[in-house]
Amino acid sequence: MGIPLYWWLAVAAALFCLGLYGALSRKNAIGVLLGIELMLNAVNINLVVFWRYITPQALTGQIFAMFVIGIAAAEAAAGLAIIIAAYRQRDTVVVDELDMMHW
Amino acid sequence: MLSEFAFVGVLIVFASLLPIAGLGFAWLVRPKKPNPIKKSTYECGLETIGGTWVQFRAQYYIFALMFVVFDVEAVFLLPWAVAYDQLPAYALIEAVIFIAILALALVYAWRKDALRWS
Amino acid sequence: MGFFFNLTPFVPLFPLLAFAVIILFTHRNNRLSSNIAIGGITLSTVIAWGIVAATIAGGERTRTEGWQLSIPWLPAGTSVLDIGLAVDGLSAAMLFMVPFVCLMIFIYSQGYMNLGKANQDPRYARFFAYMSLFAAGMLGLVVARDLLFAFISWEVMGLCSYLLIGFWSFRNRNTEDHIDEAQVDRAKKAGLKAFITTGIGDVLLLAGIALLYSYTGTLTFRELFQPETLAALQQQTLLGMPAVTVIALLIFGGAVGKSAQFPLHVWLPDAMEGPTPVSALIHAATMVAAGVYLVARTMPLFIAGFDYTSAPALYWVAIIGAITVLLGATIGLAQDDIKRVLAYSTISQLGYRMMGLGLGGVVVGIVHLLTHAFFKALLFLGAGSVIHGMEHGHHAMSHHAPGDLAESREDESFNANDMKQMGGLRHRMPRTVWPYLFGTLALVGLAPFAGFWSKDEILGEAFVGWQHTLAIDHHLLVWLAGTVGVFLTALYMGRQLALVFWGRPRHQAAAQAHESPNSRTVPLMILAGFALVGGFANAPFLGSPLHHFMADIHQASHLVNVAATEFNFVVAGMSTILAVTGLLAGWLLYRNYQAGQVEPFKRYLGPVFTVLERKYYIDEFYQLAIVQPVVWLADQVFNFDYRWVIDPFVNLVAAIGRWAADISGVFDSVAIDTFLVEGVARAFNAAGRWLRYTQTGRVQNYLLVVVVTVLMLVGLYLYL
Amino acid sequence: MLTNQMVQILVFVILTIMTLGGGLGVVSSRNLFHSALFLVLSLVGVVGYYALLDAGFLAVVQLLIYVGAIAVLILFAIMLSRGLMARRQHQRNEQWWIAALVVLLVFVVLLVVLGQVDWPVADEQALLSPNVSVGQLGQVLLGPYMIPFEVISVLLLAALVGAIILARET
């Protein structure tokens, strides 16, 4: 393999941090969800990279990545439904205003 | 391995370059004399009403949701279908259970009239 | 006939029910209440006489073993205290007298308490309730199978005596305008005096019962009087004496209280403060008879192992009896109150009974109790009749006063009980005087009246006993005391008759007194009949029937001399001569007594008379020797408690405590409340106020915290 | 002539520019709709990664599900919430700068930590031939991973039911 493992990990880390930043800083709930999708992809990259570089004979990494993608789909579906419901109820998707647990 | 995807990469490059080249050429040769009628959305004369960013109906979302679910189902069933002749008999039962559970989802959506296009 | 035995529980139960019904339901209806009381005692009388008849018919076995009923009552540890009823010859003899005399007194009371008249007693119904309870107590004692039930009945009587003697402490002065505050006060004190004085005896009795139970484990008379039980009791030693003697003396202590023997006799004369029927009831049928009956009932305990020096229980009974005979009779000489004379007479006659018992003669004691009950009830009811007559006379006098005695109209010194204000009443009250005379003759003991037989039996027994030994022992003592007592009795009764019924009226009330109605005179006449013939029940020439009837009961213990006393002409003749002499002397001396004169006894006896008049200063002595020291001690205790030590100490402790509490309170409010409690609360409140800003409700804040925390954990993991 | 390795690196760099650039666009775009489009770009870059990592099936799955389905879902959701796209409002909340600092710190820490770890990389021989067919995946998926496979279906059922309940206009 021509590309060092570290590069992959660094890229995945960068993507994860971008997603994390999005989840932490976006005002819009859907924006937060987008950040989470990025983080999930970063994780998936890691899973596949570790499969490719460390245990190429075992399929665990790819299977896990598949499950993650499936779960991400369910998460996106449910999360977006929640956001839509919250928007209907409160007329906003600004996370700061969705503070029903507020003191 | 990479060479197998090289064709895809070349295709993507060409598929991207062709419209860019066409649009760029048109951009170079077009006259630049805008007027209100020319800038209207529909030059046939119909006035647009309201903003362009209209709100979609939630039903679209439901359809997209159904699509996502069955997309995932298809993705998970594909390995099973490919490996079907190498798999033991019980794998069929597993797959049937898998399909049956998601069929339940379909039945539920149906019962809730989520599939009706109104 | 035997089925009457099964009705025995109803004998005390009917008066008890009458009491309950009157108190609970009918006390607003006076006539109904008194009728219920009379009905209750009538039913009791009927059943009791049925029982008596059944006992007579049942023969010797019934009289000795009788009839028994036992009810488990109190579980006491491993054993169960039973209470029960029993009837034997002794009970039957009492059952003949007690309910009947009570019935007579009840009937008399209905008139005496002025039923349906304007001056009817305001607590009329209550009076009959108490009387019923009193009768129930006495009847319960008579049919008691064991000391426990006997003691319960005994105490019921004690309560009733208190309630009835003090009955007029609540007297309504609006209706009884001549009753002054002092009399109300005397009634209160008399009730208390009776209760406390007899209570002293009751404590001794209770101690005796407790001792008996601890030694034998039973209180049933029959089991107690088994020869082996008595023998076992003799073996035990207590206070240097056989236990049985100590127990007997303790029981006798109870009897001394109830039967007004010296030195606890002081309550009985004061008991005159109660209504006259109460006096009759106490003196004849119930209270004072109870003590005598109890001693007779427990006689085997007295006789067991009798000895002058080591086990002198019986001896003491005789001595106390002798002292009481002389004491009562001599004081009786100097009293002016008609009822007080009778009261001291009762004390004296009670002494006779105790003397009889002290000779081991159950029968003679009880026979005298029975005869005395009839004629003393008769005398008291007669006295009540006289007093009522006097009060009526006083009433009439103040309403339409004749001229020459008008100055005494507002006479504050009028006392309806004072014999010295009476005189010549035989003309005013012709139907009272004859029964009264019968009663007097019976009391004095002239043949053929009841008292003659019963009294001479005692004297005869003593004389015969003395003849056997010719020693200076209690037989001689009893005979001498009894014989002197006969003379004294005759003397004071002669004085009383002369003062009340002979001579001329010494007060206008006496001059205007009039006869009591039939409701009072008929019971008098019935009782007079008994006073006349009652003695024949045990007359020696008829074979002493009562003697056999009762003596059988203690045959089982083989301790009592069951031989009937022979009629002794020496004794009888001597006492008859003395009685006639005394009666005549009293009558002659007082026949022409005038108001304001120094009375004859006082002329002849001088200072001795004063001593007698003041009742040997016994009350004063008690006042000085017991009451005042007790009061002084109580004062000192009070002072110790309230003024000097306890209370000041308590107050000091309290002050210290309060001071400490103040400090503590300040500490509490400042240090604890403000700093600790409120401080903690404030701290948490402030912390909460500040920390709540961390609870923004914003997911992203939380997520940031999570990230930072994970970062810190990673840092910890890597560099520590 | 370009060696195989140089081509790989070149493709990697291009894909990295796509992925990270797309990611940056996702988190920094003021328009949410544009953010979603940037996400698609980033996800396509990831598809390239999978291809580069010889995980062809995963690349297809990523394309189908993420780009084809989830991104569309997100776009629909964005368009459902009226007016969100039109307003060029601030898309950052007030804690964005703290978040930026922290995330930067996380990134540095990750780089340092990942650099320090001695990764047990497989030997050259094994790395050269990671022949994984879809059939093999199917065998594993319905063999050892049978239970998660079925559970995924239950999860999807639950997500669908919940989403329908939440999103349906009442």
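The values are calculated or read from the model by the stated rules, or taken from the named source; none is laboratory data. Note that the structure is a prediction, hence the values are computed from the model and not measured. Using ideal geometry, Cβ is built from the backbone for each residue, glycine included, and neighbour counts are taken over all protein chains shown. Areas reflect the complete protein model, heavy atoms only, side chains present, ligands, DNA and RNA absent. Shrake-Rupley method; radii C 1.70, N 1.55, O 1.52, S 1.80 Å.
Here are a few things to note about the model shown:
- Selection within region C:5-48: residues that are in contact with a strand residue (DSSP E or B) (Cβ under 9 Å, 6 or more places away or on another chain) and in a helix (DSSP H, G or I). The member of this set that is least open to solvent (accessible area, probe 1.4 Å) is C:11.
- Hits in region C:347-370 (condition: within 16 Å of residue C:452 (Cβ to Cβ) and either open to solvent by 10 Å² or more (accessible area, probe 1.4 Å) or out of contact with any helix residue (DSSP H, G or I) (no Cβ under 8 Å at 6 or more places or on another chain) (or both)): C:370
- Helices (runs of 4 or more DSSP H) contained entirely in region C:151-256, each with at least 1 residues that are among the basic types (Lys, Arg): C:181-216, C:221-224
- Subset of region D:139-162 that is of a type outside the set (A, V, I, L, M, F, W, C) and more than 7 Å from every other protein chain (Cβ to nearest Cβ) - its residue that is surrounded by the fewest Cβ atoms within 10 Å (Cβ to Cβ): D:144
- Scope region A:2-33; condition small (Gly, Ala, Ser) and assigned to a helix (DSSP H, G or I); matching residues: A:10, A:12, A:13, A:14, A:19, A:22, A:23, A:25, A:29, A:31
- A single member of B:113, B:71 is of a type outside the set (A, V, I, L, M, F, W, C) and over 30 Å from residue D:136 (Cβ atoms), and it is B:113.
- When C:331, C:320, C:282 are screened for being part of a helix (DSSP H, G or I) and in contact with a Lys or Arg (Cβ under 7 Å, 6 or more places away or on another chain), only C:331 passes.
- Whichever residue in region C:627-655 is of a type in the set (A, V, I, L, M) and open to solvent by 90 Å² or more (accessible area, probe 1.4 Å) and, among such residues, is nearest to residue C:326 (Cα to Cα): C:633
- Of the residues C:500, C:533, the single one that is modelled with pLDDT of 80 or more and more than 24 Å from residue C:591 (Cβ to Cβ) is C:533.
For (1) open to solvent by 30 Å² or more (accessible area, probe 1.4 Å); (2) within 26 Å of residue D:99 (Cβ to Cβ); (3) without any contact (Cβ under 8 Å) to a residue 60 or more places away in the chain, each residue gets a yes or a no:
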| residue | (1), (2), (3) |
| --- | --- |
| A:13 | no, yes, yes |
| A:29 | no, yes, no |
| A:34 | no, yes, yes |
| A:44 | no, yes, yes |
| A:58 | yes, no, yes |
| A:72 | no, yes, yes |
| A:77 | no, no, yes |
| A:86 | no, yes, yes |
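- Residues being surrounded by fewer than 16 Cβ atoms within 10 Å (Cβ to Cβ), at pLDDT 85 or above and farther than 30 Å from residue C:275 by Cα - total across region C:190-232: 2
- Of residues in region D:73-84 being buried (at least 20 other Cβ atoms within 10 Å of the Cβ) and within 7 Å of chain B (Cβ to nearest Cβ), the one modelled with the highest pLDDT: D:73
- Among the residues making up region C:106-132, those that are touching a residue at least 60 places away in the same chain (Cβ under 8 Å) and open to solvent by 20 Å² or more (accessible area, probe 1.4 Å) are C:107, C:110, C:115, C:116, C:120, C:126, C:130.
- Selected residue (only one of B:95, B:83, B:105, B:114 is within 8 Å of chain D (Cβ to nearest Cβ) and farther than 26 Å from residue D:60 by Cα): B:114
- Residue check for residue D:9: open to solvent by 70 Å² or more (accessible area, probe 1.4 Å), β-branched (Val, Ile, Thr) and closer than 26 Å to residue A:2 by Cα: no
- In this structure, residue C:307 does not satisfy being under 30 Å from residue C:436 (Cβ atoms), among the charged types (D, E, K, R) and open to solvent by 10 Å² or more (accessible area, probe 1.4 Å).
- Residue within region A:61-70 that is within 8 Å of another protein chain (Cβ to nearest Cβ) and surrounded by fewer than 21 Cβ atoms within 10 Å (Cβ to Cβ) present: yes
- Cross-chain or 6+ apart pairs with Cβ under 9 Å, region D:90-119 first and facing chain A (nearest Cβ under 7 Å), then open to solvent by less than 40 Å² (accessible area, probe 1.4 Å) and among the charged types (D, E, K, R): D:91/A:26; D:92/A:26; D:93/A:26; D:93/A:96; D:96/A:26
- Residue match in region C:662-682 (condition: open to solvent by 90 Å² or more (accessible area, probe 1.4 Å), in a helix (DSSP H, G or I) and in contact with a helix residue (DSSP H, G or I) (Cβ under 7 Å, 6 or more places away or on another chain)): no
- Pick from region D:15-53, criterion assigned to a loop (DSSP other than H, G, I, E, B) and open to solvent by less than 20 Å² (accessible area, probe 1.4 Å), ranking: nearest to residue A:17 (Cα to Cα): D:29
- Single residue of region A:45-59 satisfying the filter (facing another protein chain (nearest Cβ under 7 Å) and modelled with pLDDT of 85 or more) that is farthest from residue D:54 (Cα to Cα): A:54
- Qualifying position, being over 23 Å from residue B:67 (Cβ atoms), modelled with pLDDT of 85 or more and not hydroxyl-bearing (Ser, Thr, Tyr), among D:109, D:121, D:117: D:109
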